[in-house]
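Novice: One structure, as structure tokens, below. Some questions next.
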Ligand SMILES: [Zn+2]
């Protein structure tokens, strides 16, 4: 499988306090972050190319955005209206992000992608791939209210994958849960996996839909849209 090479314009915003101090990210880090994200995104033919210089958004209310209340969402949207209609991706670097299930390293929204201070190049690639149509996949699920953790059953990848994307890249006998943990669309990885998560497989992969459930965990196992077959090349922030 091959895909055409596509350059994606990226508009970069760094949030600071209203008095223009305490930038959420050092501007000098941006070229390296984009270069490292591109090492992952090249699997889909994408290259992030920064448009112009870094912009600063100076507003205390935007440093720690949240998705949890209507007022917070309003502010989040206001931050992400700093640019619109760029025809590419808008990246907003902030201090922290709070989602409905707690802190997030990054989040892809209709109006742009936010990256927290603990987010890195993998986070950027992961969120850009959400904007290309891909979903999350988890190798392990937490069952509430007890908080018990259950992993994908101990099977090897070739038994469970309808589209054969192993192709010799992963060693024979590698358990499915470890294969899933290497995928860039796996938000947290799994245990002591030796490789950083970076892989975009060719097709769908069997794994958990969510990080947690209150019901039968097996009902959360399904083929997840995490591969090139479900990935377009036109990530655009409104
Ligand atoms: Zn995700």
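Novice: Considering only residues that are part of a loop (DSSP other than H, G, I, E, B), at pLDDT 85 or above and touching a helix residue (DSSP H, G or I) at 6+ places or on another chain (Cβ under 9 Å), look in region 147-196 and name the one that is farthest from the ligand (Cβ to nearest atom).
Specialist: For region 147-196, the residue satisfying everything is 152.
Novice: While we're here: Within region 216-238, track down each residue that is outside any helix (DSSP H, G or I) and free of Cβ contacts under 8 Å to residues at least 40 places away in the same chain.
Specialist: Correct list: 216, 222.
Novice: Could I ask something else about it? Residue check, residue 9 against (1) without any contact (Cβ under 8 Å) to a residue 60 or more places away in the chain; (2) within 21 Å of the chain's Cα centre (by Cα), all met but one. Which one?
Specialist: (1)
Novice: Just checking, how many residues over region 69-111 are over 15 Å from the mean Cα position of the chain (by Cα), within 16 Å of the ligand (Cβ to nearest atom) and under 18 Å from residue 58 (Cβ atoms)?
Specialist: So the answer is 0.
Novice: Just the residues that are part of a loop (DSSP other than H, G, I, E, B), more than 11 Å from the ligand (Cβ to nearest atom) and touching a helix residue (DSSP H, G or I) at 6+ places or on another chain (Cβ under 9 Å), please, taken from region 114-137.
Specialist: 116, 119, 120, 132, 133
Novice: Let me ask something additional. Could you grab me the full set of residues in region 52-68 that are away from the ligand (no atom under 16 Å from the Cβ) and part of a loop (DSSP other than H, G, I, E, B)?
Specialist: 52, 53, 54, 59, 63, 64, 65, 68
Novice: Also: Keeping to region 39-52, report how many residues are without any contact (Cβ under 8 Å) to a residue 60 or more places away in the chain and touching a strand residue (DSSP E or B) at 6+ places or on another chain (Cβ under 8 Å).
Specialist: The number of residues fulfilling the criteria is 5.
The values are calculated or read from the model by the stated rules, or taken from the named source; none is laboratory data. Quick caveat, the model's predicted, so the values are computed rather than measured. FYI the Cβ positions are ideal-geometry reconstructions off the backbone, even for glycines, and counts take in every protein chain you see.
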